[in-house]
Amino acid sequence: MPEEAAPAGPAPRQHHRPAPHSAPQALPLDLADLITSRDTRIVVCCGAGGVGKTTTSAALALAAAEAGRSVVVLTIDPARRLAQSLGLVELDNEPRRVDVPGAPGELHAMMLDMKRTFDDIVVAHSTPERAEQILENPFYVALSSSFAGTQEYMAMEKLGQLRASEQWDLIIVDTPPSRSALDFLDAPNRMSRFLDGTMIRLLTAPARAGGRAGMRFVSAGFLVFSRIISKVLGGQLLRDISAFVSALDTMFGGFRERATATYELLRRPGTWFLVVATPEPDALREASYFVDRLSAEEMPLAGLVLNRTHPPATTALSATRADGAAEEVLEAGGEGAELAAGALRVHAERMTLAAREQRLADRFTSAHPEVAVRTVPAAAGDVHDLDGLRVMADALTGPDGDTPTGVPRTRVLPARRS
């Protein structure tokens, strides 16, 4: 009989090298279409401090003017970078024309002065006698100059005024640094809470009740309240607040209505929010906060500008190979060896930095795959004139693949293949 075949043993285990993970693909951000489209009426740039919002705002405004739009850029940042980059000595609360030779459109720029904006509102919505009474009130002077939330509310007022004038077909807003940049979204609710608060209702009770009969009705409770608050705030401050609130009482409804109208304007078609960040962990964490907040408020988000990136001159030579080549060049010696080795090491450092920036960008895209991205290389120096702004504008609005290395502008380095 033939021998039985020995039972087959377990098949040898296959050792497969895991496939590399492909990089998350960010959506392209077409800023050229955004600013040239006549449907776009307002662009709000927001982000952490020191990421280049002001320069981004100015560059987009310049590009829009050179594309034929009538543009005004409003900065809420008190720094003078916007004026300097536009060739102006200073900016104030009124739009100033910027001379852009050869541009078919117009460019204006201004910086929010919250006290002057508040003063203008008082004058516009009060009788001359009432306006004078309000403007000279010590509590009003403090409120209009430094009270928490006044800047954000006045930004809403100024934006509403610019939009209502119909003088410009595009408004670009450069917001304050850090998370307070989105505090103006809360301005209508904060104003309503302030106006409807217990202290305001008590302070305005005599005026609202009207006449001596009203005073008899509220005097007992109001006097008790006054004595308590006087001990805390001081009698003179309480009198200043009461006089201010009484004088301003007729304007409260208008404040609330205009702030609410501007808030709704920010949610309507034609408005876009643009988040600006640098490829640093803190800045991208802030960018994530802005994206989440805008999504919660149902505000229209255009995308993320990843500013001050460091793409290498070529992506064909990796950092490891560049370091190895530098060592070989030095070992071989010869004329120019040290210079060549130094150039290779600079490239290796640039590739290492670009890889780090790309990892951070990929992490953001993995968390927010719906957010379009545009990377902008770091400028060689500070942007302080129109020529520098044009260079940045080209980086912001140029074709997606038109880069020295051919890497799409959604990325710093080419995408890894799976």
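Taking the options ALA325, ALA302, ALA319, name whichever one is closer than 30 Å to CYS46 by Cβ and modelled with pLDDT of 85 or more.
ALA302
When the range 85-102 is examined, which residues are found to be at pLDDT 80 or above, part of a loop (DSSP other than H, G, I, E, B) and surrounded by fewer than 18 Cβ atoms within 10 Å (Cβ to Cβ)? Within the range 85-102, ASP92, ASN93, GLU94, ASP99, PRO101, GLY102 qualify. Are there any pairs with C-beta distances below 8 angstrom linking a residue in the range 122-141 that is among the charged types (D, E, K, R) to a residue that is surrounded by 14 or more Cβ atoms within 10 Å (Cβ to Cβ), with the two at least 6 apart or on different chains, and if so which? Pairs found: ARG130/ALA247. Checking the structure you have, find out if any residue of the range 146-153 is closer than 23 Å to LEU107 by Cβ and surrounded by 21 or more Cβ atoms within 10 Å (Cβ to Cβ). No, the conditions are met nowhere in the range 146-153.
In the set (1) within 22 Å of LEU34 (Cβ to Cβ); (2) assigned to a loop (DSSP other than H, G, I, E, B), MET392 fails one condition alone, (2). Please work out if HIS384 is surrounded by 14 or more Cβ atoms within 10 Å (Cβ to Cβ), in contact with a helix residue (DSSP H, G or I) (Cβ under 7 Å, 6 or more places away or on another chain) and more than 19 Å from ARG308 (Cβ to Cβ). In short, no.
Scanning the range 333-377 for residues that are buried (at least 17 other Cβ atoms within 10 Å of the Cβ), within 29 Å of GLY398 (Cα to Cα) and among the aliphatic types (A, V, I, L, M) returns ALA348, MET351, LEU353, ALA354, LEU360, ALA361, VAL371, ALA372, VAL373, VAL376.
What tally of residues in the range 299-345 results from selecting those that are part of a loop (DSSP other than H, G, I, E, B) and not polar (S, T, N, Q)?
Step one: of the range 299-345, the residues part of a loop (DSSP other than H, G, I, E, B) are 299-300, 310-318, 333-336.
Subset that is not polar (S, T, N, Q): 299-300, 310-313, 316-317, 333-336.
Count: 12.
Residue count for the range 357-408 under the criterion of being among the β-branched types (Val, Ile, Thr) and within 20 Å of ALA302 (Cβ to Cβ): the result is 6. Evaluating MET156 against the criteria (1) of a type outside the set (Phe, Trp, Tyr); (2) more than 19 Å from the chain's Cα centre (by Cα); (3) closer than 30 Å to THR36 by Cα leaves one unmet condition, (2).
The values are calculated or read from the model by the stated rules, or taken from the named source; none is laboratory data. Predicted model, so just to flag it, every value in this text is computed and none were measured. All Cβ positions, even for glycine, are placed from backbone atoms using ideal geometry, and neighbour counts span all protein chains on display.
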